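*Asks:* Below is one structure. I have some questions about it.
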Amino acid sequence: MSFCKITKKKLKPFMSFGQMPLANGFLLKKDFNKEFFYNLETSFSEEISLFQINDHPKPKQMFNKHYPFFTSSSKFMIKHFKKYSEWVKKFLSNNSRLIEIGSNDGTFLENFKKLDIEYIGFEPSYNVFKIARQKKINTINKFFSTQHIYNLENFKKKTDVIVGSNVVCHIPDLVDFIKTVDLLLSSNGTLVFEEPYLGSMYEKVSYDQIYDEHIFLFSITSISKIFRSFDFDLVDVIPQITHGGSMRYILKRKKNRNDLGKVKRFIEKEKKLKIDSLEGCLQFKKNCEMSKNKLNETLYKIKKSNQKICGYGATSKSTTILNYCNIGPELIDCIFDTTKEKIGKFSPGMHIPIYNYKLFRKSNYNNVFLFAWNHKKEIQLKEKKLKNINWITHLI
Ligand code: TYD
């Protein structure tokens, strides 16, 4: 039995992905016997339409000094954050204040450095925080929480924009998160965040979005319900193509409500598609099982014909696919990746070796599991000289 992280009411898990290691826990051979595992189970609160994982590792275990995710590892994402920052500027004027939560290596905040505004980023992982600091981007090496804002007098009730990307779904104590926002946001301030979208996950059966860091998979209905009880209104939503389908949520304090017609229309659509109810989860569960069987069939068929298979992009998402489907080095020889913190290590749980992506071009793999499927365009462009590649994914 588990409890909803918001309502604190009992929830019955509807699915288990089995024993899981840390999604970003790429490790050396000498550490195989020390590896941490937990049971990856999912529940759904019908009251607030919230898709969530149950038992999960503590944030400090995941966001530490060896966090191997760097926003700037994708050119497309750098461009995306540039465009996003231009869009955010409409909420700012001279001397405005802006806070980014989970500012990573400063890719987004870099766009505000030259403006006449006061800004600050919160980044708990020391190694990525250090990169932002080297770029002279104001960053605090802390989690965004009520405990860590005591010396931010200048920002309290005076912040015009609080922004986050792929971060709010990582915060287990959402109530404390909303309280922190409430302490910092000005009366007409705007809270903006974009996160992987539950509707896109259902549509693509991209169950690899479910892993320890993604404690919640949000929908428009869930965000609207959660924030409403804290006197915030969801005033707008903008679908994004990033991370295989995300949603940008724009929230204001209640008294600043405009016409909420657009949001209402999206909520009605979610109702029709059963994104707001347990029924949607149960259909998704069936689809995951189907995807798992199909994927194993595909991989075994290739192996039976004496062909080799490699992976491309040692994403955190791939940890769920590999461990849930029980795919190890007997099926996939290695995974090519650009991240120096991952190269030379092994994938969490299934222990597939990670090699430098530059070796991919020199290898002769024709069957390539594209774990970084959300970067398909960027990767296929990079590797366009290679012909006859059979790009494989688990997506339905
Ligand atoms: P991403 O889907 O952004 O992240 P997540 O880990 O959250 O699932 O994938 C990032 C990984 O993909 C990272 O290890 C770097 C790798 N990658 C490449 O190897 N080549 C590329 O061209 C890109 C864009 C990413």
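*Asks:* Output the number of the condition that R228 fails; it satisfies all remaining conditions of (1) farther than 30 Å from F371 by Cα; (2) of a type outside the set (A, V, I, L, M); (3) within 16 Å of the ligand (Cβ to nearest atom).
*Replies:* (3)
*Asks:* I've got another one for you. Can you find, within the stretch 52-76, the residue that is surrounded by the fewest Cβ atoms within 10 Å (Cβ to Cβ) among those that are basic (K, R) and not in a loop (DSSP other than H, G, I, E, B)?
*Replies:* Going residue by residue through the stretch 52-76, those that are basic (K, R) are 58, 60, 65, 75.
From what's left, not in a loop (DSSP other than H, G, I, E, B): 60, 75.
Working: K60: 9, K75: 12.
The extreme case among them is K60.
*Asks:* While we're on this one: Would you mention how many residues in the stretch 359-376 are over 30 Å from N33 (Cα atoms), within 14 Å of the ligand (Cβ to nearest atom) and not polar (S, T, N, Q)?
*Replies:* Looking only at that region, the number is 4.
*Asks:* In the set K286, K269, K252, which member is surrounded by 15 or more Cβ atoms within 10 Å (Cβ to Cβ) and among the basic types (K, R)? Even if it seems obvious, please write down each step before you answer.
*Replies:* On the way: K286 fails: surrounded by 15 or more Cβ atoms within 10 Å (Cβ to Cβ); K269 fails: surrounded by 15 or more Cβ atoms within 10 Å (Cβ to Cβ).
Exactly one of K286, K269, K252 is surrounded by 15 or more Cβ atoms within 10 Å (Cβ to Cβ) and among the basic types (K, R), namely K252.
*Asks:* Return the residues of the stretch 357-387 that are aliphatic (A, V, I, L, M) and either more than 22 Å from the chain's Cα centre (by Cα) or modelled with pLDDT under 90 (or both); say none if nothing qualifies. Spell out the reasoning first.
*Replies:* First pass over the stretch 357-387, keeping only residues aliphatic (A, V, I, L, M): 359, 368, 370, 372, 379, 381, 386.
If the condition is that a residue be aliphatic (A, V, I, L, M) and either more than 22 Å from the chain's Cα centre (by Cα) or modelled with pLDDT under 90 (or both), then L359, V368, L381, L386 are the ones that fit.
*Asks:* I need the full set of residues from the stretch 32-55 which are touching a strand residue (DSSP E or B) at 6+ places or on another chain (Cβ under 7 Å) and either basic (K, R) or within 16 Å of the ligand (Cβ to nearest atom) (or both), in order please. Spell out how you get there, then give the answer.
*Replies:* So the first thing to find is which residues in the stretch 32-55 are touching a strand residue (DSSP E or B) at 6+ places or on another chain (Cβ under 7 Å), and the list is 35, 37-45, 50-55.
Hits for the stretch 32-55 are L40, I53.
*Asks:* Another question about this same structure. Test each condition in (1) among the basic types (K, R); (2) more than 21 Å from the chain's Cα centre (by Cα); (3) not in a loop (DSSP other than H, G, I, E, B) for K82 and report the one that comes out false.
*Replies:* Of (1) among the basic types (K, R); (2) more than 21 Å from the chain's Cα centre (by Cα); (3) not in a loop (DSSP other than H, G, I, E, B), only one is false for K82: (2).
*Asks:* If a residue counts only when it is modelled with pLDDT under 95, which helices (runs of 4 or more DSSP H) contained entirely in the stretch 207-326 have at least 2 such residues?
*Replies:* Numbers: elements: 220-228, 261-272, 278-304, 317-324.
The helices (runs of 4 or more DSSP H) meeting that bar are 261-272.
*Asks:* Within the stretch 188-218, which residues are β-branched (V, I, T) and within 12 Å of the ligand (Cβ to nearest atom)?
*Replies:* Let us first name the residues in the stretch 188-218 that are β-branched (V, I, T), namely 190, 192, 205, 210, 215.
The answer is I210, and nothing else.
*Asks:* Quickly run through the stretch 161-194 and pick out the residues that are among the charged types (D, E, K, R) and buried (at least 21 other Cβ atoms within 10 Å of the Cβ).
*Replies:* Taking the stretch 161-194 and keeping what is among the charged types (D, E, K, R), we get 173, 176, 179, 182, 194.
E194, the sole residue that qualifies.
*Asks:* Let me ask something additional. Looking at I354, I343, I379 in this structure, which one is β-branched (V, I, T), more than 21 Å from E41 (Cα to Cα), within 12 Å of the ligand (Cβ to nearest atom) and in a loop (DSSP other than H, G, I, E, B)?
*Replies:* Going through I354, I343, I379 in turn, just one is β-branched (V, I, T), more than 21 Å from E41 (Cα to Cα), within 12 Å of the ligand (Cβ to nearest atom) and in a loop (DSSP other than H, G, I, E, B): I343.
*Asks:* Report yes if S186 is touching an Asp or Glu at 6+ places or on another chain (Cβ under 8 Å) and not aromatic (F, W, Y), otherwise no. First the steps, then the outcome.
*Replies:* On the way: touching an Asp or Glu at 6+ places or on another chain (Cβ under 8 Å): yes; not aromatic (F, W, Y): yes.
Taking the combined requirement at face value, the residue satisfies it.
The values are calculated or read from the model by the stated rules, or taken from the named source; none is laboratory data. Note that the structure is a prediction, hence the values are computed from the model and not measured. As a convention, Cβ positions derive from the backbone with ideal geometry for all residues, glycine included, and neighbour counts pool all protein chains shown.
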